[in-house]
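**Student:** One structure is given below, represented as structure tokens, and several questions about it will come after.
The values are calculated or read from the model by the stated rules, or taken from the named source; none is laboratory data. Note that the structure is a prediction, hence the values are computed from the model and not measured. All Cβ positions, glycine included, derive from the backbone under ideal geometry; neighbour counts span all protein chains shown. Ligands, DNA and RNA are excluded from the accessible area calculation, which covers all protein heavy atoms including side chains. Shrake-Rupley method; radii C 1.70, N 1.55, O 1.52, S 1.80 Å.
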Amino acid sequence: MGRAFVYVILGGGVAAGYAALEFVRLGISHGELCIISEETVAPYERPALSKGFLLPEDPARLPSFHTCVGANEERLTPKWYREHGIELVLGTKVKSADVRRKTLLTATGETISYKILIIATGARALRIEEFGVRGSDAENVCYLRDLADASRLVDVMRSCTGGNAVVIGGGYIGMECTAALVKHRIKVTWVFPEKHCMGRLFTPKIAAFYEDYYKSRGVNFIKGTVLTSFENDSGGKVTAVVLKDGRRLPADMVVVGIGIRANTSLFEGQLNIEKGGIKVNGRMQTSNNSVYAVGDVAAFPVKLFGNDIRRLEHVDSARKTAKHAVAAIMVPQKTGDLDYLPFFYSRVFTLSWQFYGDNLGEVAHYGDFSSGRFGAYWVDKGQMVGAFLESGSREEYEAIAEAVRLKVTVKDMTELEREGLEFALRV
Ligand code: FAD
């Protein structure tokens, strides 16, 4: 049994949606494109899961956050795919791939062949078992990567109002889930091994602002230690979390956000792998000419960083790499190498920040941390390489992005700190 398409997108997440929109814009015929996804719904804006979807009041629900609504573009509902003759093969896992034969084999036993493949398999949440701790299958232990996880998390939160949650992991999943739990009137203890939250991006000073805000909302922090085991009741439900430093925390529920791993396994041994992702060139093309990779799974050269190969786990990168791959496929003579400015954002409670570039070198903090109007610049070898801003306006975010894009020269860090936002606004 088998079907053949000109273009196949493997994976039905953010990148797949943006790639489909670009294919339609650049002109494909009905029946040429197929999207295969393990998820049972059409591509959606994944960040909405930890923001709107988890809210106790007026939560976001599909179809409101299908791609590409997040970027104020057309919203791609299942009807949109039907109208454009795009085959959505949902609820279907691809279990093997043969890039030499240009075929994919699904778990239902179907062989789907392609002329051009775009790999958009994203990433999966790391499980505690990978760190030697058992217990992920307990009904009140939650992860958050897809819609099924988010629906489960909502059910568990609703059954725990007034109770205790332990959040494991200091990254943005931990940070955004903690905010959602607080809104559900659940008391949170947030546990992570680093000295402060968002350790991969925040400076200690930036982290202190957010941690103080979280404390003011009743969140308890336990840092510098990790989870070692759970205590369970006779039904298998977790009742307490045991930490390496010996502490025991009673828990009605647990949320785990300890990082992700790119879904590369189908292609290991067939395509070049680097930095945990599928290595592509500036046109998102892998080591096989007929195969492209985009989004969280792709490791691509970032021009701005001297073509250093990076694998970015951010929604903006998924959107832009997807569009770029489709342009490289459909209009190759007009498409050069992607020139991408890395961008990441988050929203928690009433706070909202954006970050552009790289967090390398020396840091200059600016603004007023006590009022929540602050930011930071990163300067490496006399050039601005990164910028962060909390509660900025559109114009201010554009200004800091531009300063990083231009890698403006910085002569004096003290002066930069003193000028703050004005420095970027006059670039
Ligand atoms: P994904 O969106 O993960 O899609 C991958 C798809 O491939 C999935 O549908 C999956 O089921 C499918 N798939 C994988 N393997 C197979 C297989 N073998 N067969 C069939 N289908 C398969 N980024 C930000 O910049 N800002 C944010 O605020 C932000 N918030 C986030 C909040 C949450 C809760 C999560 C989980 C992520 C968030 N991100 C955020 C990250 C952002 O969502 C990702 O960078 C983005 O989704 C990556 O898009 P992608 O298409 O590469 O992968």
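**Student:** Go from 0 up to the bin containing the longest alpha carbon distance in the chain, width 20 Å each, and give me the % of pairs per bin.
**Tutor:** Going out from 0 Å in 20 Å bins, the chain shows 25, 55, 20, 0 percent.
**Student:** What ranking, highest mean first, results for peptides 139-147, 57-65 when packing means the other Cβ atoms within 10 Å averaged over each residue? The partial results should precede the final answer.
**Tutor:** Details: 139-147: 20.4, 57-65: 13.2.
Peptide ranking by packing, descending: 139-147, 57-65.
**Student:** Please state the relative contact order of the chain as a whole percent: Cα pairs under 8 Å, 6+ residues apart? Walk me through the numbers before you get to the answer.
**Tutor:** On the way: 937 pairs, mean separation 56.3, N = 427.
Normalised by residue count, the contact order of the chain is 13 percent.
**Student:** Using only alpha carbons, build the gyration tensor for the stretch 121-189 and give me the equivalent ellipsoid semi-axes, biggest first, whole Å.
**Tutor:** 20, 14, 13
**Student:** Looking at the chain, what % of its DSSP beta bridges pair antiparallel, to the nearest 5? Mind dumping the intermediate values first?
**Tutor:** On the way: 50 of 86 bridges.
Expressed as a percentage, antiparallel bridges in the chain total about 60.
**Student:** Using all alpha carbons of the stretch 312-351, what is the percent of pairwise distances in each 5 Å bin, ordered from the shortest bin to the longest?
**Tutor:** Whole-percent P(r) values from 0 Å outward: 5, 22, 23, 17, 14, 8, 5, 4, 3, 0.
**Student:** To the nearest 20 debye, what charge dipole does the stretch 104-214 have about its Cα centre, counting +1 at the Cβ of each Lys and Arg and -1 at the Cβ of each Asp and Glu?
**Tutor:** 220
**Student:** Okay, next question. Would you list, by chain and number, the aspartates and glutamates whose Cα falls below 12 Å from the Cα of Lys323, excluding same-chain residues fewer than 8 positions away?
**Tutor:** Partners found: Glu22.
**Student:** Along the stretch 331-342, what does the Karplus equation 6.51 cos²θ - 1.76 cosθ + 1.60 (θ = phi - 60°) give for ³J(HN,Hα), rounded to whole Hz, x for Gly and Pro?
**Tutor:** Each residue's phi maps through the Karplus curve to give 10, x, 5, 9, 10, x, 7, 4, 10, 10, 9, x Hz.
**Student:** Once ligands and nucleic acids are excluded and a 1.4 Å probe is used, how much of Ser234 is accessible, expressed in Å² to the nearest 10?
**Tutor:** That residue has around 130 Å² of solvent-accessible surface.
**Student:** For the stretch 350-427 and the stretch 186-257, what is the separation of their C-alpha centers, rounded to whole Å?
**Tutor:** Centre-to-centre (Cα) distance: 30 Å.
**Student:** Please give the direction-averaged projected area of the C-alpha convex hull for the stretch 199-288, in square nanometres with one decimal.
**Tutor:** Details: hull surface 41.3 nm².
Taking the Cα atoms of the stretch 199-288, their convex hull projects to 10.3 nm² on average.
**Student:** Mind giving me the FRET efficiency for Ser371 and Arg134? R0 is 45 Å, r the Cβ-Cβ distance, nearest 0.05 is fine. Could you put the intermediate results ahead of the total?
**Tutor:** Values: r = 46 Å, r/R0 = 1.01.
Efficiency for this residue pair is about 0.50.
**Student:** Which entries in the list Lys95/Lys115; Lys102/Lys334; Lys183/Lys275; Lys205/Lys407 go over 29 Å, if you measure between the two C-alpha atoms of each? Mind dumping the intermediate values first?
**Tutor:** Working: Lys95/Lys115 19 Å; Lys102/Lys334 26 Å; Lys183/Lys275 37 Å; Lys205/Lys407 24 Å.
The answer is Lys183/Lys275.
**Student:** Amide H to amide H under 5 Å from Asn232: which residues, 5+ apart in sequence or cross-chain, H placed 1.01 Å off N in plane?
**Tutor:** Placed amide hydrogens put Thr239 under 5 Å from Asn232.
**Student:** Shifting gears a bit: Please compute the modelled spin-label separation between Asp412 and Ala4, points set 7 Å along Cα→Cβ, answer in nm with one decimal.
**Tutor:** 7.0
**Student:** Can I ask one more? Mind listing P(r) for the stretch 229-337? All alpha-carbon pairs, 10 Å bins, whole percents.
**Tutor:** For the stretch 229-337, the binned pair fractions read 13, 34, 17, 14, 16, 5, 0 percent.
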